[in-house]
Every structure is written in C-alpha cells, then in structure tokens.
Amino acid sequence: MHWDRVGVGIVLGLVAPLLGFFGYAAMYVGAIRPHLDLSFFIHDLFLGTREYQAPVLTLSLFANLALFFTLDRWELYRAMRGVIAATFLYAVVIVLLLYVF
C-alpha cells in the first residue's frame with residue numbers, strides 16, 4: 001500500500017487525537033488524580049462538563065504534532081497535508097465548543 005496519500009493522512013490525523021485523548025486520560029487518572037478511574041474521566045469530566053471539553057481536545061491534538069513530525073521524518077509529505085487537514089477539522093470543532101455550544 002502506498003502511504004503517501006492525503007486520505008491516509010486524514011485518517012491518521014483523525015485517529016491519532018483519539019489515542020492522544022486516552023493517553024492524556026491515562027496520565028490524568030494515573031498520576032494527576034490517582035484516586036479516580038478512566039470512566040470518571042470520560043463520562044463525568046469530559047462528557048459531563050462543558051468547560052473541559054475544548055481544553056481536553058486541544059491537549060489530545062499533541063498526538064497529531066508527533067504524527068506530523070514522524071511523517072516528515074519519513075518524507076511522506078502528502079500524508080502530512082492530510083494530518084494538517086484533520087487538525088483543522090478538530091480546530092473547527094474546538095472553536096464551536098468554545099463559542100457556539
């Protein structure tokens with residue numbers, strides 16, 4: 001399969017923040033608040049509290065940053081464009097969460 005495609009980058013750019021979300025959640029319940037569990041983080045903190053949704057999504061986008069530089073190192077420039085496009089899609093969602101909803 002040819003990996004240097006914009007579509008591959010978009011898919012990777014949409015999935016990587018999900019992994020970043022769970023990575024941040026694991027750090028939050030493991031080191032920051034060890035008396036809480038993952039279910040609390042997802043249901044009560046993220047889904048239940050509107051003020052934390054945009055910041056948590058923003059922190060989750062650091063996974064796209066790592067993905068972007070990994071694709072740059074492998075010289076997959078078209079896939080990098082897809083990651084940027086996916087990041088802009090997440091940015092639209094974050095702006096909507098901050099100012100509209």
Original post:
Summing -39500 (n - 2.57) over the DSSP H runs of n ≥ 4 in the chain and dividing by its residue number, what mean residue ellipticity at 222 nm do you reach, to the nearest 500 deg cm²/dmol?
Top reply: -22500 deg cm²/dmol
Original post:
Using the Kirkwood formula over every pair of different C-alpha atoms, what hydrodynamic radius in Å results for segment 6-99?
Top reply: 13.9
Original post:
Taking the chain as a Gaussian network, Cα atoms linked when under 10 Å apart, which of 87, 49, 70 shows the biggest mean-square fluctuation?
Top reply: 49
Original post:
Going by how many other Cβ atoms sit within 10 Å of their own, how do 92, 83, 100 line up, fewest first?
Top reply: 100, 92, 83
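Over the chain, what is the mean sequence separation of C-alpha contacts under 8 Å (at least six apart), divided by residue count, expressed as relative contact order in percent?
RCO, the chain: 48 percent.
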**OP:** Treat every Asp and Glu Cβ in the chain as -1 and every Lys and Arg Cβ as +1, leave all other atoms uncharged, and give the resulting dipole magnitude about the Cα centre to the nearest 20 debye.
**Re:** 180
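Each value in this text was obtained by applying a stated rule to the coordinates, not by laboratory testing. What you are looking at is a predicted structure, and each value in this text was computed from that prediction instead of being measured. Every residue, glycine as well, gets a Cβ built from its backbone with ideal geometry; the counts of neighbours run over all protein chains shown.
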